[in-house]
Amino acid sequence: MLRLLTFFLYFFFSLEGFSQILPSSHGVHHKKPSGGGGGSETRNFTNCSSTGINGPTQSNCNTAYASTDLNGEVTVNNGIQEWTVPATGSYVIEVWGARGGYTGGCFSGQLGGTLCHGANGARMKGTFSLTQGEILRIAVGQMGEDYSSGTSGGGGGGGGTFVAKGNNHSGATVLIVSGGGGGGHYYSSIVAKGGQTTESGLGNNPTGSSYKAGGGGSWSSDGTDGTNGSTGGKGWVNLLVGGTHATSGGNHWSKGDGGFGGGGGGTWPAGNGGGYNGGPQVQSGGNSTPGGSGGGSYNSGSSQDNTASAWNSHGKVTITW
């Protein structure tokens, strides 16, 4: 009887010890929390390799996000990327506007060097309280078209980057916007203006009144059309399509379209950036022309961190929680 009791106790304690080491020795995996208290996640939204006046397609973003955490999470409608908030909590959203078009040569008799190039977009960052199931609507700005013919040319305005929330596009509530930069031109005598951290876009000084480029699209309105067939970038309600360049004039003009995100189309002067308030039209006459105007920005978040003229590529959006 004593021998049986001894065996039973040995077997019991051996089994208990084995069960205690089982999880670590077999590498049990735990699912990462999707929000708050023990983990953090990040999603990086891009232009999905799309360029020009229209935003990406569903196919573009399916390909771009296939090997990322956004795989299967994004629905694209008319270039707007829709993403559903996974958990109630605090989210940091950082957005960058797109650069204005033109990276060619600069006339040495005026600005020279690289000073006539398109200007950078703004960067905006804030913290937001979001609720599980809310839909974020994200428009990632695209660079203004970079047009050159021979040794001269000019570009369209850069698109602004927008993040809003709501179940439908037209009724969405704006959260944060970063303005796009103004386009550049070979014959610029005044540098293009970058995306601003203020709600108003920054207009450039005129050098005449004969020619006007397309104005940048805004949250609340379309950009004003320019002369010689150039058009302004569209506003939020009209899906932020970029403006188109002049249909007449010489090949040394700024014949670059605006980027998706409301960038304005170029004419003789360069196009203007899109944004919360798009870059105002610039006016010029003769050989001397100003660079394009920069778009305004918006931030309703807390713990803000904003920088003007900060980004020299297509826009992007980073969300962390």
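The values are calculated or read from the model by the stated rules, or taken from the named source; none is laboratory data. Bear in mind the structure is a predicted one, so any value in this text is a computation, not a measurement. Heads up, the Cβs are rebuilt from the backbone with ideal geometry, glycines too, and the neighbour counts pull from every protein chain shown. To get the accessible areas, we keep the full protein, side chains included, count just its heavy atoms, and leave off ligands, DNA and RNA. Shrake-Rupley method; radii C 1.70, N 1.55, O 1.52, S 1.80 Å.
Annotations for the structure displayed:
- When the range 153-168 is limited to residues that are surrounded by fewer than 20 Cβ atoms within 10 Å (Cβ to Cβ) and either in contact with a helix residue (DSSP H, G or I) (Cβ under 6 Å, 6 or more places away or on another chain) or in contact (Cβ under 8 Å) with a residue 24 or more places away in the chain (or both), the one that is farthest from GLY182 (Cα to Cα) turns out to be ASN167.
- Scan of the range 90-126 for residues that are among the small types (Gly, Ala, Ser) and part of a loop (DSSP other than H, G, I, E, B), ordered by number: GLY97, ALA98, GLY100, GLY101, GLY104, GLY105, SER108, GLY109, GLY112, GLY113, GLY118, ALA119
- Selected residue (only one of THR131, THR51, THR114, THR103 is at pLDDT 95 or above, closer than 30 Å to THR198 by Cβ, surrounded by fewer than 11 Cβ atoms within 10 Å (Cβ to Cβ) and not aliphatic (A, V, I, L, M)): THR131
- Some residue of the range 182-203 being in a loop (DSSP other than H, G, I, E, B), under 18 Å from the mean Cα position of the chain (by Cα) and of a type in the set (Phe, Trp, Tyr): no
- Residue match in the range 209-219 (condition: in a loop (DSSP other than H, G, I, E, B), open to solvent by 10 Å² or more (accessible area, probe 1.4 Å), in contact (Cβ under 8 Å) with a residue 24 or more places away in the chain and of a type in the set (A, V, I, L, M)): no
- Scanning the range 134-150 for residues that are over 15 Å from TRP219 (Cβ atoms), surrounded by 24 or more Cβ atoms within 10 Å (Cβ to Cβ) and touching a His at 6+ places or on another chain (Cβ under 9 Å) yields VAL140, GLN142, MET143, GLU145, TYR147.
- Test: SER209 is at pLDDT below 95 and farther than 25 Å from THR114 by Cβ: yes
- Count of residues meeting criterion [open to solvent by less than 10 Å² (accessible area, probe 1.4 Å) and within 30 Å of GLY266 (Cα to Cα)] in the range 54-88: 5
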